[in-house]
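A quick write-up on the structure given underneath.
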Amino acid sequence: MVLPVSRPILGVTSIFTIVTSFKDFIWPLLVMSDSDNMTLSVGLAQTAGAVSQDQVMGGLVIASIPTVIVFFIFQRHIMAGLTAGSLKG
């Protein structure tokens, strides 16, 4: 009974968890010295000085694609959660 009501909350929490783990930067930067195991954001930051700015921007666009895909998958649940709290009556 509670689970159908909380579906938008679970969807938003899932999106935040995926984005947080995907965009994790500080912890891998501190503990990983091997370039083969670095996350995408740390790898882009490490190569930013060695390549042109156009290549860095292209890498950032490619890095943001999974986040946009997850948003489009859960878009209906996010909008339902936003409008559910705003209607009165």
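A few notes on this one:
- Hey, T13 open to solvent by less than 80 Å² (accessible area, probe 1.4 Å) and modelled with pLDDT of 80 or more or not: yes
- Positions within the range 57-68 being farther than 18 Å from D24 by Cα and of a type in the set (A, V, I, L, M, F, W, C), in sequence order: M57
- Residue pairs meeting the criteria (Cβ under 8 Å; at least 6 apart or on separate chains; first closer than 22 Å to V61 by Cβ, in the range 20-39; second in a helix (DSSP H, G or I) and among the aliphatic types (A, V, I, L, M)): F22/L40; F25/V42; F25/A45; P28/V42; L29/V42; L29/A45
- Scanning the range 16-29 for residues that are open to solvent by less than 50 Å² (accessible area, probe 1.4 Å) and hydrophobic (A, V, I, L, M, F, W, C) yields a total of 1.
- Those residues of the range 30-49 which are open to solvent by 90 Å² or more (accessible area, probe 1.4 Å), of a type outside the set (D, E, K, R) and part of a loop (DSSP other than H, G, I, E, B), in sequence order: S33, N37
- All positions within the range 2-23 that are within 18 Å of I69 (Cβ to Cβ) and not in a helix (DSSP H, G or I): K23
- Taken over the range 50-89, the criterion of being among the aromatic types (F, W, Y) and either modelled with pLDDT under 85 or not in a helix (DSSP H, G or I) (or both) is satisfied by F71, F74.
The values are calculated or read from the model by the stated rules, or taken from the named source; none is laboratory data. These figures come from a predicted structure and were not determined experimentally. Methodologically, a virtual Cβ is constructed for each residue, glycine included, from the backbone with ideal geometry; neighbour enumeration extends over all protein chains shown. For the accessible areas, the whole protein counts, side chains as well, though only heavy atoms, and no ligand, DNA or RNA atoms are used. Shrake-Rupley method; radii C 1.70, N 1.55, O 1.52, S 1.80 Å.
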